[in-house]
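Shown below is the structure under consideration.
The values are calculated or read from the model by the stated rules, or taken from the named source; none is laboratory data. Worth saying up front: this structure is predicted, and the values here are computed from it rather than measured. When we count neighbours, we look across all protein chains shown, and the Cβ atoms used for this are built from the backbone with ideal geometry, even at glycine.
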Amino acid sequence: MELLNMSGIYKAFSGVSVLSGVELHVNVGEIHALLGENGAGKSTLMNILSGSYTADAGTVTFDGADITGSSIKQIEDAGIAFVHQELNLFNDLLAYENIFLGAEETTPWGSLKKRDMANKAAELFERLGVDIDPYALVDDLKPSEKQLLEISRALFRNAKLLILDEPTASLNTDEVEHMFQIVRGLRDKGTSFIFISHKMPEIFELCDTYTVLRNGKFIANGNISDTTPREVTNLLVGAALSDRDAYEPRELGEEMLRVEHFSGEGFTDVTFTARRGQIIGLTGLKGCGSSELMQGLFGIYHPSGGNVEVCGKKLHGGSIHEAMGAGIAMLPADRKENSVIPDMSLLENMYLSEHVLSARSFAINTKRENERFEKYGKLLNIKANSSADNINSLSGGNQQKVFLARWLNTDAQVLLLDNPTQGIDVGAKSEIYHLILDLARKGKTVIINTLEIPELREVADVCYVLYEGRVVKELAHDEINEQTVMLYSTNSAA
Amino acid sequence: MKDAAVNKKPAPAGLLNIVKTYSFVLVFLVIYIVYASVSGGFALGAAMNVFRHSAVIGVIAIGMGIVCLTGDIDLSVGSMLAFVAGFSVVVFNQTNSIPLTLLFAVLFGALCGLINGVLVGIVQMPSFIVTLATMLIYRSLSQYACQHIPAELIGNGSSVFRMSNALDSYRAFYAFGNGKVAGIMPIVGLIMVLMVVLFVYICTSTKFGKKIYAVGSNARAAHLAGINVSAMRTLVFVIAGALVGLGAFLWIAMNASADPATTGKSYEMYAIAAVVLGGIAMSGGKGRILGVLFGAMSYTVIDKIIIALKMDSLINDTIKGVILIVVILIQVAGPQLKARFGKSKVVK
């Protein structure tokens, strides 16, 4: 029996089409996997379902009723609950208080019936097989318990369909198994789930049916039992074509960076070497540890083991200053949080890092700094009126070039680029790729971390795929394609 | 895209921009004109006197200014002034040496600042709490010491640190505190102006100064750009402490004594008010040290207006408070009104 039917859904944001003609069908008592790469339109579709966005076109029927264009409240009342990746729980309240929040039971005088509510919460937990103390402070609960508490809360409000957005991201294997048991139990009693995950093994273990989206379009749906991980991966990435004309093999120089059995928070036993002029790609799913690995190399966190050598010189680790002195630079992900100094000019944003290394000469030679800015402005094609303009007056791509200049200005030889094209429009992206290739030709060693595989196909000489903090596969330039990378980054190759 | 549009400031006309940037000068001028009109016209002597009476709070406010530029706050400066001034009197009475007293005052102030700085910058405690605690500690220690050290060390005073006027250097020291350069400019005022010049230079034209702004603007990005944020946050407290030390030296030169109970009382609030009036953002990263000078002098002139009008001095803080609110109200409400005005125009 059909529970949810979304058909012909269209959505565009400021003229850019995000969803075009998407279908989603979920039956009563089934676990439905919603699959797609980052940016395929999954979140937008779920936000339309939960009422956060309104679709431009298309219809949504749920449980026999047309709920197209309903408000968040109406949709909640109809029985759809969204369990977000960032949990919507109140950490400073008790478990039962979270369940009853906004629906508290009171005496005629308005005081809370605390014991009644706690007892009902305990009953609910028992019925679901969840082991949570109703009086526990939510902040003290484990991530898995919080997840289950949120599911319990949804069910307490008679949800018929639960959307689980990457629910296993922060859980360990046992917790995942426990949660799956509960989810299966609920399914057998008639509750439906939409399950969003990138982890292929989980999907094939838990789900009954699936829908695949790609670039905002409906690609396929069917029964999980009729397909294989490899087939689904192919559907996910499609026969994506990419021009490789920018890439050409380069002569590589001497060894610049040697990483041996390097371990730290989020990554384990990583070993590789990088040579002068080489571009190395790191990739994997969100949370695979590649970003942490970069931060470890740059000395942001203390490593827990292993060796890093730059030009034959061993680093102690855990000091940004040491890494900078050795010639390592890092362009961090999330430009706005981690790179932009918002109250400062382009020039000031550029020269800061170099000044850390040359702090002994106290005064700033503005003329010389401006000459340098001009030099990098030309080299990187920074489009700005004046070096005195505020950094926020530039577009994302041009800001990123200023930060690239910040690090080139320190004369760094090893550039760590963490997701360098995040939030940059397509035209500027390809410009950044060309700059990266250009820098490598001039003898810089570049390590680039990105979740976007087309990006790696354009630039990387070699690519390391990470899964749960370990390098699971090394791919040469010609082997880099979305199918292969997906296969290894979801660990479905075995 | 949307954020960029929000952050992008519409380029105002050149003159308007200058007025906006240096609004603290405007505030000072308005207050000064009021003073001149109630005290019977402009007089050079009276104007120079403003420098003298701004000297101590001005020097302290510079330190507060750089602490605020990193996004922190130092509530302990008033107590620290009493603490350092008291012990500087003791050092002077023991050594009969002006240079040694100066050296002690600056180093002892820097040490007091270092305690704040280590707790804030390295231990990462909130500066509000740390300096609230040291504010209590420094004043209490000052008062306790005054009661419990031998009376000859504090010039035989009972509850006040008094410089012994029997010493050879006493006359020279007092002359330094109350003398004038070329018969016009008070020496202590000149020292404050020199400090302002020094710190304007540091904040606008040195690598160290730019790092202060970077830390206050976005500490995380500054850290990832290689700046040692902990060290910077510690250092600004040390500098602020050293400046309080200099202020304490000027104080005893001017007054020949320091009262642990009242010296520097509420100075932390006046210093913060001067910093805010001078256009430095309490959230850090924005503002000019030059503004601090005008902020501090504005408040000195308010004192003088009240004296000139023969008003009860107890009304003093009411007026200072009201002026602070009015100035900030104009700064905050101005753009809001403009935004609303602009919006309604679009609707039509």
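For the range A:293-308, what are the residues that are out of contact with any helix residue (DSSP H, G or I) (no Cβ under 8 Å at 6 or more places or on another chain) and either at pLDDT 95 or above or surrounded by 19 or more Cβ atoms within 10 Å (Cβ to Cβ) (or both)? Quick ask: steps written out before the conclusion?
Taking the range A:293-308 as the starting set, the residues that turn out to be out of contact with any helix residue (DSSP H, G or I) (no Cβ under 8 Å at 6 or more places or on another chain) are A:293-296, A:302, A:304-307.
Result: A:L293, A:M294, A:Q295, A:G296.
Yes or no, residue by residue, for (1) in contact (Cβ under 8 Å) with a residue 24 or more places away in the chain; (2) of a type outside the set (A, V, I, L, M, F, W, C); (3) part of a helix (DSSP H, G or I); (4) in contact with a His (Cβ under 9 Å, 6 or more places away or on another chain):
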residue	(1), (2), (3), (4)
A:I163	yes, no, no, yes
A:D174	no, yes, yes, no
A:E177	no, yes, yes, no
A:I182	yes, no, yes, no
A:G185	yes, yes, yes, no
A:G190	yes, yes, no, no
A:F193	yes, no, no, yes
A:E202	yes, yes, yes, no
A:T211	yes, yes, no, yes
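Separate question: Yes or no: the range A:342-350 includes at least one residue that is closer than 30 Å to A:V308 by Cα, surrounded by fewer than 18 Cβ atoms within 10 Å (Cβ to Cβ) and of a type in the set (S, T, N, Q). It would help to see each step written out before you state the result.
First, the residues of the range A:342-350 that are closer than 30 Å to A:V308 by Cα: A:349-350.
Subset that is surrounded by fewer than 18 Cβ atoms within 10 Å (Cβ to Cβ): none.
Checking the range A:342-350: not a single residue is closer than 30 Å to A:V308 by Cα, surrounded by fewer than 18 Cβ atoms within 10 Å (Cβ to Cβ) and of a type in the set (S, T, N, Q).
Still on this structure, please answer the following. Six or more apart or on different chains, Cβ under 6 Å: which pairs go from a residue in the range A:293-319 that's under 15 Å from B:A225 (Cα atoms) to one that's basic (K, R)? Could you list them?
Short answer, once both residue conditions are applied: none.
Quick check, is A:G287 at the interface with chain B (Cβ under 10 Å from one of its Cβ atoms), under 25 Å from the mean Cα position of the chain (by Cα), at positive phi and not in a helix (DSSP H, G or I)? Even if it seems obvious, please write down each step before you answer.
On the way: at the interface with chain B (Cβ under 10 Å from one of its Cβ atoms): no; under 25 Å from the mean Cα position of the chain (by Cα): yes; at positive phi: yes; not in a helix (DSSP H, G or I): yes.
In short, no.
Sticking with this one: Across the range A:306-323, which residue is farthest from the other protein chains (Cβ to nearest Cβ) among those that are of a type in the set (A, V, I, L, M, F, W, C) and part of a strand (DSSP E or B)? Don't jump to the end; show me each part of the working.
Within the range A:306-323, the subset of a type in the set (A, V, I, L, M, F, W, C) is A:308, A:310-311, A:315, A:320, A:323.
Those still in the list that are part of a strand (DSSP E or B) too: A:308, A:310.
Details: A:V308: 17, A:V310: 16 Å.
Filtering first and then ranking leaves A:V308.
Next up: What is the number of the single condition among (1) crowded, with 19+ Cβ neighbours inside 10 Å; (2) free of Cβ contacts under 8 Å to residues at least 60 places away in the same chain that A:D438 does not meet?
Only one criterion is unmet by A:D438, namely (1).
Another question, if that's okay. Looking at A:A55, is it among the hydrophobic types (A, V, I, L, M, F, W, C) and assigned to a strand (DSSP E or B)? Steps first, answer last, please.
Numbers: among the hydrophobic types (A, V, I, L, M, F, W, C): yes; assigned to a strand (DSSP E or B): no.
No, not satisfied.
For the range A:324-378, how many residues meet the condition of being at the interface with chain B (Cβ under 7 Å from one of its Cβ atoms), of a type in the set (G, A, S) and assigned to a loop (DSSP other than H, G, I, E, B)?
Qualifying residue count, the range A:324-378: 2.
Right, next: Being buried (at least 24 other Cβ atoms within 10 Å of the Cβ), under 12 Å from the mean Cα position of the chain (by Cα) and modelled with pLDDT of 95 or more, is that true of even one residue in the range B:254-266?
The answer is no, given that none of the residues of the range B:254-266 is buried (at least 24 other Cβ atoms within 10 Å of the Cβ), under 12 Å from the mean Cα position of the chain (by Cα) and modelled with pLDDT of 95 or more.
Taking the residues in the range A:127-146 that are outside any loop (DSSP other than H, G, I, E, B) and not charged (D, E, K, R) as candidates, determine which candidate is farthest from A:G185 (Cα to Cα). Break it down stepwise before answering.
Narrowing the range A:127-146 to residues outside any loop (DSSP other than H, G, I, E, B): A:127-128, A:137-140, A:143-146.
Next, from what is left, pick out any that are not charged (D, E, K, R): A:128, A:137-138, A:143-144.
Numbers: A:L128: 8, A:L137: 26, A:V138: 24, A:P143: 21, A:S144: 17 Å.
Residue satisfying both the conditions and the ranking: A:L137.
Restrict the check to the range A:441-453 and report whether at least one residue is assigned to a helix (DSSP H, G or I) and of a type outside the set (A, V, I, L, M). Give the steps one after another, and end with the answer.
First, pick out the residues of the range A:441-453 that are assigned to a helix (DSSP H, G or I): A:441, A:453.
Going one step further and asking which of them are of a type outside the set (A, V, I, L, M), we end up with A:441.
Yes, that holds for at least one residue.
For B:F42, which of the numbered conditions (1) assigned to a helix (DSSP H, G or I); (2) at pLDDT below 85; (3) surrounded by 12 or more Cβ atoms within 10 Å (Cβ to Cβ) fails to hold?
So B:F42 meets the others, but not (1).
Going through the range A:381-407 one residue at a time, which ones are at pLDDT below 90 and not in a loop (DSSP other than H, G, I, E, B)?
A:N392, A:S393, A:G396, A:G397, A:N398
Looking at B:N156 and the list (1) farther than 30 Å from B:L69 by Cα; (2) among the polar types (S, T, N, Q); (3) touching a residue at least 60 places away in the same chain (Cβ under 8 Å), which single condition is not satisfied?
Among (1) farther than 30 Å from B:L69 by Cα; (2) among the polar types (S, T, N, Q); (3) touching a residue at least 60 places away in the same chain (Cβ under 8 Å), the lone unmet condition for B:N156 is (3).
Sort out which residues of the range B:200-235 are within 9 Å of chain A (Cβ to nearest Cβ), over 21 Å from B:L290 (Cα atoms) and among the aliphatic types (A, V, I, L, M), and write them in order of number.
Correct list: B:A221, B:A222, B:L224, B:A225, B:I227.
A:T268 fails exactly one of the following numbered conditions: (1) within 26 Å of B:T204 (Cα to Cα); (2) away from every other protein chain (no Cβ under 14 Å). What is the number of that condition?
Unmet for A:T268, out of (1) within 26 Å of B:T204 (Cα to Cα); (2) away from every other protein chain (no Cβ under 14 Å): (1).
Failed condition for A:N390, given (1) more than 27 Å from A:F262 (Cα to Cα); (2) surrounded by fewer than 16 Cβ atoms within 10 Å (Cβ to Cβ); (3) within 12 Å of chain B (Cβ to nearest Cβ), with all others met?
In the conditions (1) more than 27 Å from A:F262 (Cα to Cα); (2) surrounded by fewer than 16 Cβ atoms within 10 Å (Cβ to Cβ); (3) within 12 Å of chain B (Cβ to nearest Cβ), A:N390 misses (2) alone.
For residues that are surrounded by fewer than 22 Cβ atoms within 10 Å (Cβ to Cβ) and within 17 Å of the chain's Cα centre (by Cα), tally how many sit in the range A:452-481.
Count: 5.
Then there is this: Can you confirm whether the range B:307-315 contains a residue that is touching a residue at least 60 places away in the same chain (Cβ under 8 Å) and either farther than 30 Å from B:F176 by Cα or out of contact with any Asp or Glu (no Cβ under 8 Å at 6 or more places or on another chain) (or both)?
Pass one, the range B:307-315, residues touching a residue at least 60 places away in the same chain (Cβ under 8 Å): B:308-309.
Cutting the leftovers down to either farther than 30 Å from B:F176 by Cα or out of contact with any Asp or Glu (no Cβ under 8 Å at 6 or more places or on another chain) (or both) gives us B:308-309.
Scanning the range B:307-315, I find at least one residue that is touching a residue at least 60 places away in the same chain (Cβ under 8 Å) and either farther than 30 Å from B:F176 by Cα or out of contact with any Asp or Glu (no Cβ under 8 Å at 6 or more places or on another chain) (or both), so the answer is yes.
Here is a follow-up. Away from chain A (no Cβ under 14 Å), touching a residue at least 40 places away in the same chain (Cβ under 8 Å) and part of a helix (DSSP H, G or I): is that true of B:L194 in this structure?
Details: away from chain A (no Cβ under 14 Å): yes; touching a residue at least 40 places away in the same chain (Cβ under 8 Å): no; part of a helix (DSSP H, G or I): yes.
So B:L194 does not fit the description; no.
Separate question: How about the range B:283-318: which of its residues are of a type in the set (A, V, I, L, M) and either buried (at least 23 other Cβ atoms within 10 Å of the Cβ) or under 19 Å from the mean Cα position of the chain (by Cα) (or both)?
Our first condition is that a residue be of a type in the set (A, V, I, L, M); within the range B:283-318, this holds for B:289-290, B:292-293, B:296-297, B:301-302, B:305-309, B:311, B:314-315.
The answer is B:I289, B:L290, B:V292, B:L293, B:A296, B:M297, B:V301, B:I302.
Give A:E166, A:E126, A:E150, A:E145 a once-over and let me know the one that is surrounded by fewer than 16 Cβ atoms within 10 Å (Cβ to Cβ) and either among the polar types (S, T, N, Q) or at pLDDT below 90 (or both). It would help to see each step written out before you state the result.
Values: A:E166 fails: surrounded by fewer than 16 Cβ atoms within 10 Å (Cβ to Cβ); A:E150 fails: surrounded by fewer than 16 Cβ atoms within 10 Å (Cβ to Cβ); A:E145 fails: surrounded by fewer than 16 Cβ atoms within 10 Å (Cβ to Cβ).
Of A:E166, A:E126, A:E150, A:E145, the one residue that is surrounded by fewer than 16 Cβ atoms within 10 Å (Cβ to Cβ) and either among the polar types (S, T, N, Q) or at pLDDT below 90 (or both) is A:E126.
Still on this structure, please answer the following. Let me spell it out: the conditions are (1) at pLDDT below 95; (2) surrounded by 24 or more Cβ atoms within 10 Å (Cβ to Cβ), and B:V34 meets all of them except one. Which number is the exception?
Status for B:V34: all satisfied but (2).
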